[in-house]
Amino acid sequence: MSAKGTTAWDVLVLGAGAAGLMAAATASQRGVRVAVLDHAAEPGRKILISGGGRCNFTHLETSWERYQSANPRFARSALARYTPRDFLNLVEKHHIAWHEKEAGQLFCDGSARQIVTMLEKECAKGAVRFYYRHALQKLSHDGHCFQVHTSQGIMKARTVVLATGGLALPKLGATDSALQIARHFDLDVVAPMPALVPLTLEKPFPELAGVSLPVTTSLGKKGVRFTDGMVFTHRGLSGPAILQISSYRSAEQSFWINLRPGHDVWEDMTAVMKARPRAHGAALLEGIPIRLARHLAQTMLDGRPLAEQPGKAVRALAEHVARWVVSPAGTEGYAKAEVMRGGVDTRCLSSQTMEAKTVPGLYIVGEAVDMTGWLGGYNFQWAWASAVAAGKAVAERVKG
Ligand code: FDA
């Protein structure tokens with residue numbers, strides 16, 4: 001079906017991802033005419049691959065403190081008005097079986113496709129029209145209505161919900177459309193960066209690739225700190241504790257890794273030295289995977305038994321284990337990032353409705369907004385909550 005037409009849609013949602021589908025369902029069920037366009041051939045492609053194919057669709061401990069943004073408090077209102085329990089009620093209404101994996105992280109028992117199907121069914125209730133293979137090229141306003149320029153022609157709309165997401169995973173269709181449109185309408189943009197992303201090291205440890213262990217990563221004066229898994233990669237470091245800290249690092253900022261969280265490393269080493277003075281270096285590093293322990297002992301100690309090691313070298317090793325200062329060369333970029341951080345500056349939007357303060361009728365939701373959640377379902381919860389806020393508000397606006 002052609003996108004061309006003379007009648008303006010009440011609401012045109014740009015992007016059939018998590019936030020776009022939720023905004024379309026919410027608005028359309030309030031009696032307004034809603035269409036959704038996407039350049040992909042199907043909706044919700046990131047949902048489909050999320051959570052290892054099982055979609056970690058929310059986190060029960062969602063609160064604004066678990067978001068990185070120039071102003072995380074902006075998320076407070078939307079998150080309070082559409083909670084993880086609200087989304088779970090929807091999931092249960094659609095008879096989708098779910099389970100809690102780590103504390104608070106909710107996944108489908110079956111497939112992430114169930115979440116996409118659920119959202120499509122919710123859209124069908126409101127008779128939402130879908131226009132796939134329609135690439136958004138430009139958005140303008142002629143003083144009367146929005147003109148949405150697409151690869152298939154111009155569509156008109158009284159109001160627009162911009163839900164084209166962020167830059168992460170371009171091979172899955174991510175674009176900078178939201179940022180371009182924001183700039184076109186003179187809305188500020190917080191510089192985008194890959195987030196929840198593996199980090200690269202100038203001198204990586206390819207010989208340790210695959211070694212994983214629990215660590216604490218920490219950063220800066222604000223005391224951002226994550227205790228979770230880390231894994232050595234051929235080019236650097238990955239695993240949840242690294243992905244989480246990546247969202248908070250500014251370029252070139254160092255951070256610390258404690259390779260023995262919850263332990264007094266110096267005390268543990270002293271005990272080993274007393275108990276096993278004839279043992280060799282790696283024995284000092286109890287609890288650390290043997291490949292890593294051997295590597296650390298070889299680089300920081302000489303080959304003599306523990307009793308003969310200089311105290312200074314042992315202290316330096318303890319310090320390194322408890323507080324390894326890491327200065328990443330960079331990140332694996334948007335190709336490997338789970339999300340984009342930065343985006344449309346929240347100061348330009350209403351926290352109640354997601355409407356752009358200076359562009360009446362333009363609503364911006366989901367990852368396009370400068371609001372980046374922790375790993376574990378927080379990003380979807382922001383997508384749902386911001387979309388519900390916008391969906392309700394845009395319907396009210398249209399109905400006047
Ligand atoms: P989203 O990216 O979902 O949708 C944007 C839509 O706009 C897409 O359909 C795209 O095709 C379309 N679009 C873009 N540009 C366009 C253009 N120019 N014209 C037309 N259409 C255009 N989060 C979480 O909470 N739990 C999880 O388990 C995971 N897992 C996960 C795994 C992987 C591999 C990734 C990459 C990401 C996750 N995430 C996640 C993050 C989560 O997927 C993300 O935060 C949400 O999908 C964001 O929803 P949006 O609707 O804002 O963007």
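The values are calculated or read from the model by the stated rules, or taken from the named source; none is laboratory data. Model, not experiment: these values are computed from the prediction. Counting neighbours? That spans all protein chains shown, and the Cβs are built from the backbone with ideal geometry, glycine included. These accessible areas exclude ligands, DNA and RNA; they are computed on the full protein's heavy atoms, side chains included. Shrake-Rupley method; radii C 1.70, N 1.55, O 1.52, S 1.80 Å.
Residues in region 12-34: is at least one within 11 Å of the ligand (Cβ to nearest atom), free of Cβ contacts under 8 Å to residues at least 40 places away in the same chain, within 24 Å of GLY377 (Cβ to Cβ) and in the same structural domain as VAL91 (by TED's automatic domain parsing)? There is no residue in region 12-34 that is within 11 Å of the ligand (Cβ to nearest atom), free of Cβ contacts under 8 Å to residues at least 40 places away in the same chain, within 24 Å of GLY377 (Cβ to Cβ) and in the same structural domain as VAL91 (by TED's automatic domain parsing).
Only one entry in ALA35, ALA80 is surrounded by fewer than 15 Cβ atoms within 10 Å (Cβ to Cβ) and of a type in the set (Gly, Ala, Ser), namely ALA80. Residues in region 330-361 that are open to solvent by 20 Å² or more (accessible area, probe 1.4 Å) and under 21 Å from ALA157 (Cα atoms): SER350, THR353, GLU355, LYS357, THR358, PRO360.
In the list LEU119, LEU162, which residue meets the criterion of being surrounded by 22 or more Cβ atoms within 10 Å (Cβ to Cβ) and either free of Cβ contacts under 8 Å to residues at least 24 places away in the same chain or in contact with a Gly (Cβ under 7 Å, 6 or more places away or on another chain) (or both)? Result: LEU119 is the single residue among LEU119, LEU162 that is surrounded by 22 or more Cβ atoms within 10 Å (Cβ to Cβ) and either free of Cβ contacts under 8 Å to residues at least 24 places away in the same chain or in contact with a Gly (Cβ under 7 Å, 6 or more places away or on another chain) (or both). Screening the candidates TRP324, TRP382 for the property of being open to solvent by 10 Å² or more (accessible area, probe 1.4 Å) and of a type in the set (A, V, I, L, M, F, W, C) yields one hit, TRP324. Being under 17 Å from GLY15 (Cα atoms), surrounded by fewer than 19 Cβ atoms within 10 Å (Cβ to Cβ) and either within 17 Å of the chain's Cα centre (by Cα) or in contact (Cβ under 8 Å) with a residue 60 or more places away in the chain (or both) is a property that LEU201 lacks. Of all residues in region 125-140, those that are crowded, with 16+ Cβ neighbours inside 10 Å and under 26 Å from ASP370 (Cβ atoms) total 2.
Among residues belonging to region 168-180 that are among the aliphatic types (A, V, I, L, M) and closer than 13 Å to VAL344 by Cβ, point out the one that is farthest from the ligand (Cβ to nearest atom). Here the residue is LEU179. Residue count for region 385-400 under the criterion of being surrounded by fewer than 23 Cβ atoms within 10 Å (Cβ to Cβ) and either in a helix (DSSP H, G or I) or at pLDDT 95 or above (or both): the result is 7. Among the residues of region 273-293, write down those that are surrounded by fewer than 17 Cβ atoms within 10 Å (Cβ to Cβ) and part of a helix (DSSP H, G or I). Correct list: LYS274, ALA275, ILE290, ARG291.
Might you let me know whether region 137-145 holds any residue that is of a type in the set (Gly, Ala, Ser) and either away from the ligand (no atom under 14 Å from the Cβ) or at pLDDT below 95 (or both)? Within region 137-145, one or more residues are of a type in the set (Gly, Ala, Ser) and either away from the ligand (no atom under 14 Å from the Cβ) or at pLDDT below 95 (or both).
Please specify each residue of region 362-385 satisfying the condition of being of a type in the set (Ser, Thr, Tyr) and near the ligand (Cβ under 8 Å from one of its atoms).
TYR378
Does LEU208 count as modelled with pLDDT of 95 or more, open to solvent by less than 20 Å² (accessible area, probe 1.4 Å) and of a type in the set (A, V, I, L, M)? It is true that LEU208 is modelled with pLDDT of 95 or more, open to solvent by less than 20 Å² (accessible area, probe 1.4 Å) and of a type in the set (A, V, I, L, M).
Does GLU100 satisfy being more than 13 Å from the ligand (Cβ to nearest atom), touching a residue at least 40 places away in the same chain (Cβ under 8 Å) and open to solvent by 60 Å² or more (accessible area, probe 1.4 Å)?
On the way: more than 13 Å from the ligand (Cβ to nearest atom): yes; touching a residue at least 40 places away in the same chain (Cβ under 8 Å): yes; open to solvent by 60 Å² or more (accessible area, probe 1.4 Å): yes.
Yes: the conditions hold for GLU100.
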